[in-house]
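> Starting off with a structure, shown below.
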Amino acid sequence: MSDEPRIPSLDVGLRRVRELDRGAPLPPSDPELVAKIIDEIRAEGPMTFARFMELALYDPEHGYYVAGTAGPGREGDFLTAPEGHPIFGWTIARRLEQTWTGLDRPSRFVVREHGAGTGARAHGILDGLRRSGSDLLGAIRYQAVEASPARLAALRERLVGDGLDAWLEPADDSPAPGAVIANELLDALPVHRVEGASDGSLLELFVTLGEDGAFEWVRGEPSTDDLAARLDAEGVQLQPGQVAEIGLAIDDWVRAAVAGLEAGLLLVIDYGHPAKELYSPQRGSLLRTYHRHRVHDDPFVAVGRQDLTAHVDLTAVERAAAAAGLTALPPTTQGRFLAELGLGELLVALQTDGRTDLAGYLEARAAVARMLDPRATGGFAVLQLERGR
Ligand SMILES: C[S@@+](CC[C@H](N)C(=O)[O-])C[C@H]1O[C@@H](n2cnc3c(N)ncnc32)[C@H](O)[C@@H]1O
């Protein structure tokens, strides 16, 4: 995605959407969700994009992720690495074993997966430990933290279906050694949208209603000083007219997610860049929308029916983790991370396993190729942040 042509300004971005739209019919917006957003704008004035994104994705009745229309998998809107094949989870299980061993094998080791979705990774991890007969099975407790009750129910069903639910327990934040993991979660947290002003200051892009009643952007003074403070802290200055997204929600998420992590690992896998790169004028806005594996960049269409994401500011994640007392290992890519953990070895073992048929092996091999390919999810960033005992 990062290889796509940059979108130098809002207007050019919108033109590009229309071009991309040709041949890719989008469903109509959810009318009740749109009415709800319009009511809020009429009552309170222009809305931050972070609030718009929060409603579009997580409105309790109509949000994309909550209403049960969100679709991972081949028929859905996006395909994450864990959804590709359980071998992803088998490999992550090896990293969890390393952390557990490094902590002297505590008798209770709590894995909290945030944004666990429909359970592909939970299933892969527990299945991987079971396949390898790992001693960690005697200590691991798996907690799924998921914004969507429907997805949480699907996760449970998936684990029950394979006899893996015995390791599942309700999510809490009581102190325990373990790991906090998040795959493609941070890109789904609401972001503010800003633009560099000609005098070097910052403007915010708000969502308002045009004369025809449709959503449109309006520039204004930032809704909070935290936006400029974030960029200042990162030594970033936007060029006049440069549009960018700022994920303020990262700070609260990191703080809360590691609050119960007595010792162990915070593992974040996502698409993103260090701040200097993310906000370089060449890159432009990295707000994207997904519907049926097609990428667009207009959040005002198919509202509640398409996924909205923004590339993650990795510097912000590392700073928030440092503030919470965690130490960062050198960042890496998903491809290198999985290869070093022995993904290739696991694929060979699958091939030589008498229970694997040719179709199953070929499917796994294709999924592994995508997980390692730097132009696919292999290029995603992996942040490993540790808290010692
Ligand atoms: C793109 S999906 C990724 C799902 C899964 N991690 C995977 O890789 O297949 C993002 C998930 O995060 C969930 N989510 C978003 N914000 C969340 C939050 N603050 N806490 C917990 N889950 C959240 C969404 O409901 C959705 O299931």
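Coordinate-derived values only; no laboratory data. If you're wondering where the values come from, they're calculated on a predicted model, not measured in any experiment. So basically every Cβ, Gly included, is an ideal-geometry build from the backbone, and we count neighbours across all protein chains shown.
> In a shell of Cβ-Cβ distance under 14 Å around GLN237, excluding GLN237 itself, what net charge do Lys and Arg (+1) and Asp and Glu (-1) give?
So the surrounding residues net to -2.
> Right, another one. Work out how much length SER107 to LEU26 would gain on full extension: take 0.36 nm times their residue separation and subtract the Cα-Cα distance, in nm to one decimal.
Taking SER107 through LEU26 to full extension adds about 24.1 nm, to one decimal.
> Okay, moving on. Within the chain, which is the longest segment containing none of the GluC sites (Glu not before Pro) that sit in a DSSP loop and have at most 14 other Cβ atoms within 10 Å?
Excluding the exposed sites themselves, the longest stretch runs over 212-389.
> Kirkwood Rh, Cα Rg: Rg to Rh for the chain?
0.97
> Here is a further query. P(r) for segment 272-333: what percent of alpha-carbon pairs falls in each 10 Å bin, starting at zero?
19, 36, 29, 15, 0
> With charges only on Cβ, +1 for K and R and -1 for D and E, what is the dipole size of the chain about its Cα centre, in debye, rounded to 20?
In debye, rounded to 20, the chain gives about 1200.
> Placing +1 at every Lys and Arg Cβ and -1 at every Asp and Glu Cβ, with all other atoms neutral, what dipole size does segment 119-211 have around its Cα centre, in debye to the nearest 20?
In debye, rounded to 20, segment 119-211 gives about 500.
> Moving on to the next point. Residue by residue, what Karplus-based ³J(HN,Hα) values in Hz, rounded to whole numbers, does segment 351-360 have, using 6.51, -1.76 and 1.60 with θ = phi - 60° and x for Gly and Pro?
Listing the rounded values in order: 5, 8, 6, x, 7, 8, 8, 4, 4, x Hz.
> How many nm separate the modelled label positions at ASP173 and ARG141, each set 7 Å beyond the Cα in the direction of the Cβ?
Here the modelled spin labels are 1.7 nm apart.
> How much length is gained on full extension from VAL348 to ALA43, taking 0.36 nm per residue of separation minus their Cα-Cα distance?
Here the segment from VAL348 to ALA43 would lengthen by 103.8 nm.
> Put +1 on the Cβ of every Lys and Arg and -1 on every Asp and Glu Cβ in segment 282-364; which of ALA364, VAL303, THR352 then has its Cα farthest towards the positive end of the dipole?
With unit charges placed on the Cβ atoms, the residue in question is VAL303.
> Using the number of other C-beta atoms within 10 angstrom as an exposure proxy, rank TYR64, TYR279, TYR271, TYR361 with the fewest first.
TYR361, TYR271, TYR279, TYR64
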